[in-house]
Amino acid sequence: MIRFDRWGRAGVIAVLGFVLWACGPTAEEKAKQEQAAEQEAKWAWLQEAKTALDGQRQQFAALDPETPEAEMEAAETALASRQDEFTARLAEFINSLGLVQGEAPTGRALEAIRMKSSEELLLAEEYIQKGGEYQRAIDILESALAIDPDNEALKTALATAEADRYPSKEKFDQVKKGMSEDEVRALLGPVNLRNVKEYPERHVIAWFYKKADGGAAAVYFDTGRKKDATPKVYDTKFDAITASGEEN
């Protein structure tokens with residue numbers, strides 16, 4: 001025979017309701033759930049934004065060299081704007097993860113850091129290719145490695161930048177008279193734009209490549225006397241500037 005206690009059926013239902021209410025999420029648990037949902041939304045945005053950003057980069061790289069300057073500048077500005085927003089929100093996301101210094105990141109944290117490392121790789125390469133800024137690139141890569149020390153791509157890029165930073169005598173001697181600027185760039189790497197000097201009265205442009213000893217090697221281009229003439233190498237000098245700054 002089934003027997004009910006003195007509370008009866010209604011009492012049992014009331015007690016069950018109380019138990020269910022008491023087992024609901026606390027304010028702290030609810031806050032954690034909301035924070036987790038917010039983190040998921042931010043991560044989803046970053047993944048989508050990264051895909052879109054890479055696609056925009058590919059489109060920019062594929063632009064015809066004959067594209068009007070105004071159109072090229074507009075495309076570059078739009079790309080830079082999207083890139084700045086992405087990197088800012090990525091850095092904010094990583095900072096919100098509460099990483100502990102000295103502890104190796106795992107899971108989502110490691111994914112986010114690797115995403116940041118891929119951006120640093122592109123930024124370092126851009127500094128080299130656009131302006132021969134090897135030291136700036138090296139600084140970027142070293143900072144990235146401090147956060148992501150096991151990243152082999154960063155290690156390789158850093159080693160390459162350090163090796164290409166100063167031209168060796170053997171490589172410099174391969175520059176020959178009549179070479180174009182593109183041919184010299186392919187051989188010695190991009191020249192630092194601050195180390196390009198023009199001598200308009202002589203129709204000459206000189207590219208100075210810093211050397212490990214503090215001096216500089218120089219490649220001299222004859223710009224020709226005709227308008228829009230293609231600059232060609234007419235002379236080179238490995239010891240153009242001494243370590244003390246004197247020009248030979």
Exercise for the section: Would you point out the residue of the stretch 131-174, among those that are β-branched (Val, Ile, Thr) and surrounded by 14 or more Cβ atoms within 10 Å (Cβ to Cβ), that is modelled with the lowest pLDDT? Expected result: Ile147
Practice task
Would you be able to say whether some residue in the stretch 28-41 is over 17 Å from Arg89 (Cα atoms), at pLDDT 95 or above and in a helix (DSSP H, G or I)?
Solution key: no
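Please work out if Phe238 is in contact (Cβ under 8 Å) with a residue 40 or more places away in the chain and surrounded by 14 or more Cβ atoms within 10 Å (Cβ to Cβ).
Judged against the criteria, Phe238 is a match.
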Problem - Neighbours by Cβ (under 7 Å, 6+ apart or cross-chain): first from the stretch 107-130, closer than 17 Å to Leu46 by Cβ and open to solvent by less than 70 Å² (accessible area, probe 1.4 Å); second among the polar types (S, T, N, Q) and in a helix (DSSP H, G or I) - result: Glu119/Thr87
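Is it the case, given these coordinates, that Leu53 is modelled with pLDDT of 95 or more, open to solvent by less than 90 Å² (accessible area, probe 1.4 Å) and more than 23 Å from Gln129 (Cα to Cα)?
So Leu53 fails the test.
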Fill in the blank from the handout: Exactly one of Thr77, Thr67, Thr87 is hydroxyl-bearing (Ser, Thr, Tyr) and open to solvent by 70 Å² or more (accessible area, probe 1.4 Å), and that residue is Thr77
Practice task
May I ask you to verify whether Arg82 is charged (D, E, K, R), more than 22 Å from Lys155 (Cβ to Cβ) and open to solvent by less than 50 Å² (accessible area, probe 1.4 Å)?
Solution key: no
Completion exercise
Taking the stretch 182-209 and keeping only residues that are open to solvent by 90 Å² or more (accessible area, probe 1.4 Å) and in contact with a helix residue (DSSP H, G or I) (Cβ under 7 Å, 6 or more places away or on another chain), one is left with Leu193
Problem - Hey, Ala212 of a type in the set (Gly, Ala, Ser) and free of Cβ contacts under 8 Å to residues at least 40 places away in the same chain or not - result: no
Exercise for the section: Please work out which one of (1) within 24 Å of the chain's Cα centre (by Cα); (2) modelled with pLDDT of 90 or more is the condition Thr67 fails and give its number. Expected result: (1)
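The values are calculated or read from the model by the stated rules, or taken from the named source; none is laboratory data. Given the structure is predicted, the values throughout are model-derived calculations rather than measurements. We place every Cβ from the backbone using ideal geometry, glycine too, and count neighbours over all the protein chains shown. Keep in mind that these areas ignore ligands, DNA and RNA; they rest on the heavy atoms of the full protein, side chains included. Shrake-Rupley method; radii C 1.70, N 1.55, O 1.52, S 1.80 Å.
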